[in-house]
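Contents: one structure, followed by commentary.
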Amino acid sequence: MTSAAAATATTAVRLTGLRRHYGDVRALDGVDLALPAGSFTAVMGPSGSGKSTLLQCAAGLDRPTAGRVEVGGVALEGLSERRLTLLRRDRIGFVFQSFNLLPSLTAAQNVALPLRLAGRRPSRAEVRGALERVGLGARAGHRPGELSGGQQQRVALARALITRPAVLFGDEPTGALDTATSRDVLAMLRELVDRDGQTIVMVTHDPVAASYADRVVFLVVGRVHGELASPTAQEVALRMARLETDAADVGDAAHVGDAEDVEDRTVRLGPDVSADSLAGGRPC
Ligand SMILES: Nc1ncnc2c1ncn2[C@@H]1O[C@H](COP(=O)(O)OP(=O)(O)OP(=O)(O)O)[C@@H](O)[C@H]1O
Ligand SMILES: [Mg+2]
């Protein structure tokens, strides 16, 4: 295997020159990132900085305006809608802030849904195994209304994981949970990475949530503005406070024609957002 092929084999998500423009709003404005398989990455940034757009493009739920997305070594560009749907179904898991469970189905039936939609009839053991992975083996017969918020999010996790996706994406997966329940779910995500080698990419506004990740990538107006490895909640909170103050000076997403403003702000972000830290977010 060449060194380039070896690098690809261990990279679960690779984004290259990723842009997503909505009219004149540049939600993503040239993002380069390489996320290793078996890693837990948190994506943070002020509201409107492009976090959800990044996740949706990386997960094949939205098509970028320009640039390249590779998931598990497969390039998404040029895939037909049908092939993209199959790839999403087989290789990608997604959990949202709202758990999106079907209330009339039991936990087990909710978890089985992706396989049933794919025309497969999952075995009882397979579904139970997925629920056991998230510590809910004993709740298979409960409906969402009979489960706590944290338990419902665990069912949503089991549903996202039953296809053994290359990457699990979460857009503020603990955003609707109280502090204790949120920590419970975060510990679960950490365990999925450490025990099963699951790759996870999670958007969050919570510095404590981000501290469960191996790495935090910061976005500002659609661009990567530094990262932290092995982050503590305090370090993340400090960095976010600086980024939010700075973003408030300039506004939300960049508009086409704002290039000079964005460059100015890069300089004003301060010494902790150095060229070196930015380079850490580039593909290796
Ligand atoms: N479908 C769309 N049409 C037009 N503009 C959009 C669309 N989706 C997102 N945007 C714009 O793109 C920018 C980035 O949005 P995005 O939802 O990615 O931000 P975010 O970082 O996830 O914010 P938040 O923290 O509030 O969830 C925003 O200015 C938003 O208004
Ligand atoms: Mg968002």
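Derivation of every value follows stated rules applied to the coordinates shown; laboratory data play no part. Keep in mind it's a predicted model, so treat the numbers as computed, not measured. All Cβ positions, glycine included, derive from the backbone under ideal geometry; neighbour counts span all protein chains shown.
By its C-alpha gyration tensor, with a ≥ b ≥ c as the square roots of the eigenvalues, how is region 109-179 shaped: rounded for a/c under 1.5, else prolate for a/b larger than b/c, else oblate?
Values: a/c = 1.98, a/b = 1.32, b/c = 1.50.
Verdict is oblate for region 109-179.
Once label points are set 7 Å from the Cα along Cα→Cβ at both Arg195 and Tyr22, what is their separation, rounded to one decimal in nm?
The two pseudo-label positions are separated by 3.8 nm.
Rounded, prolate or oblate for region 33-109? Axes are the square roots of the Cα gyration tensor eigenvalues, ordered a ≥ b ≥ c, and the cut-off for rounded is a/c under 1.5.
Values: a/c = 1.70, a/b = 1.25, b/c = 1.37.
Since a/c reaches 1.5 but b/c is at least a/b, the shape of region 33-109 is classed as oblate.
Ordered by packing density, taken as the mean number of other Cβ atoms within 10 Å over each peptide's residues, highest first, how do 78-90, 126-138 rank? Walk me through the numbers on the way to the answer.
On the way: 78-90: 13.2, 126-138: 18.8.
By packing density, highest mean first, the sequence is 126-138, 78-90.
Using the Karplus equation 6.51 cos²θ - 1.76 cosθ + 1.60 (θ = phi - 60°), what ³J(HN,Hα) coupling, rounded to whole Hz, does each residue of region 59-68 give in order, writing x for Gly and Pro?
Result, rounded to whole Hz: 8, x, 8, 9, 9, x, 6, 7, x, 10.
Once amide H atoms are placed 1.01 Å from N in the peptide plane, what residues at a sequence separation of 5 or more from Val13, or on another chain, have their amide H within under 5 Å of its amide H?
Counting only residues 5 or more places away or on other chains, the set is Leu35, Gly72.
Full-extension gain between His142 and Ala237, please, as 0.36 nm times their residue separation minus the C-alpha to C-alpha distance. Display every interim value, and only then the final one.
On the way: separation 95, 0.36 × 95 = 34.20 nm, distance 3.78 nm.
Once the chain is fully extended between His142 and Ala237, it gains 30.4 nm.
Rounded, prolate or oblate: which fits region 1-141 when a ≥ b ≥ c are the square roots of the eigenvalues of the alpha-carbon gyration tensor, with rounded for a/c under 1.5 and prolate only if a/b beats b/c? Write out the running numbers ahead of the final one.
On the way: a/c = 1.97, a/b = 1.58, b/c = 1.25.
In terms of gyration-tensor shape, prolate.
Which ³J(HN,Hα) values in Hz, rounded to whole numbers, follow from the phi angles of region 17-29 under the Karplus curve 6.51 cos²θ - 1.76 cosθ + 1.60, where θ = phi - 60° and Gly and Pro get x?
x, 6, 10, 9, 9, 10, x, 9, 8, 9, 4, 10, 10
What size of dipole, in debye to the nearest 20, comes out for region 1-152 about its Cα centre when the only charges are +1 on Lys and Arg C-beta atoms and -1 on Asp and Glu C-beta atoms? Provide the component values of the computation, followed by the final result.
Values: 20 positive and 11 negative charges, 101 e Å.
Taking the Cα centre of region 1-152 as origin, the dipole is about 480 debye.
Residues with amide H under 5 Å of Arg26's amide H, sequence separation 5 or more or different chain, H placed in the peptide plane at 1.01 Å from N; which?
Counting only residues 5 or more places away or on other chains, the set is Ala254, His255, Val256.
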